[in-house]
């Protein structure tokens, strides 16, 4: 299967449970940022996500309360760099007890010191390594030499130790599609990763680097990515890739991927920060979801991020038996 069986069944249970309750909107994934401290300052990252003080990190109990409040089936542990978080083992252990799946989103530099031998492999834990190109490109994007080689070394060791390992690649304006294909081939044959997530770059409000894609840029590049999806183990669904390539359209589902940070719940979505609050009900009931779903805001015009649209593709499956069968075959064929 494309995903471990329990992830698929947990997501199906989540949808059935909410359908029975009459809920049209509900979180699929919690983007949990327990800290804004990082050991890198990548060009495509917003300032707050790598300049935070370690002392300002969230307590474990606060993180778990956020998970309980939102009820998401999966947690994407990000930041900042989550392997810098001193209480990482406790946080992961207690999330697993809640039977949630964890994506540990990391640059991989500290895996050997903070994860291997400390946090054992588990079927509910996936290590998700950030790689934005081959050696020269990736080291340029993260603004440090040697990061690509270290990440590859750590992924190989993680696989040997029995961890489930995937990669996350952002496609920027300057991304060369031939190099992207080279990266996919390398990760498949030389590292044997369990999956690859590709998503178009989108400009954070606080990022000023001119490296992001316009809507037309995204469509051109992702038509080629769509072709590559027949050859490689992408975790981005074919329906999302067709959307990114401009071949179908969806409303956004900003509520499907909610974000909790050292400043609380960030509204309306992972990329746009209009409000912050530690009160779940204030965030959930106070956000104008109809407006942000419509994609009419100027900040939404060039966004085709998977965090906003993968769930849209899933929610639309009930309208198309053909797409439903296609998605089932795609998952089983992985």
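With 0.36 nm allotted per residue and the present C-alpha distance subtracted, the residue 87-residue 143 stretch has 17.4 nm of extension available. Potential lengthening of the chain between residue 278 and residue 298 amounts to 4.5 nm, from the contour at 0.36 nm per residue minus the alpha-carbon distance. Considering segment 62-120 at the alpha-carbon level, its Rg and Dmax are found to be 11.3, 33 Å. In percent, rounded to a whole number, the relative contact order of segment 1-160 is 21, using alpha-carbon pairs under 8 Å and six or more apart.
The DSSP beta bridges internal to segment 5-333 are antiparallel in roughly 20% of cases.
Where only DSSP H runs of four or more residues are counted, the chain gives -11500 deg cm²/dmol as its mean residue ellipticity at 222 nm, each run worth -39500 (n - 2.57). By the count of other C-beta atoms within 10 Å, a proxy for reagent exposure, 324, 271 are ordered fewest to most as 324, 271. A Förster radius of 41 Å, combined with the Cβ-Cβ distance separating residue 56 from residue 322, puts the computed FRET efficiency at roughly 0.25. In terms of other Cβ atoms within 10 Å, 88, 20, 40 run from fewest to most in the order 20, 40, 88. The C-alpha radius of gyration of segment 31-81, expressed as a fraction of 2.2 N^0.38 Å, stands at 1.21. Ranked by the mean number of other Cβ atoms within 10 Å per residue, highest first, peptides 298-311, 60-73 order as 298-311, 60-73. Sort segment 5-333 into rounded, prolate or oblate with this rule: let a ≥ b ≥ c be the square roots of the eigenvalues of the Cα gyration tensor; rounded if a/c is under 1.5, and if a/c is not under 1.5, prolate when a/b is larger than b/c, oblate otherwise. Rounded.
Neighbour counts of C-beta atoms inside 10 Å place 26, 140 in the sequence 140, 26, starting with the fewest.
Taken together, the values in this text are just the output of simple stated rules run on the coordinates, not laboratory data. Note that the structure is predicted; figures quoted are calculated from it, not measured. A quick note on method: Cβ atoms are made from the backbone with ideal geometry, for glycine too, and the neighbour counts reach across all protein chains shown.
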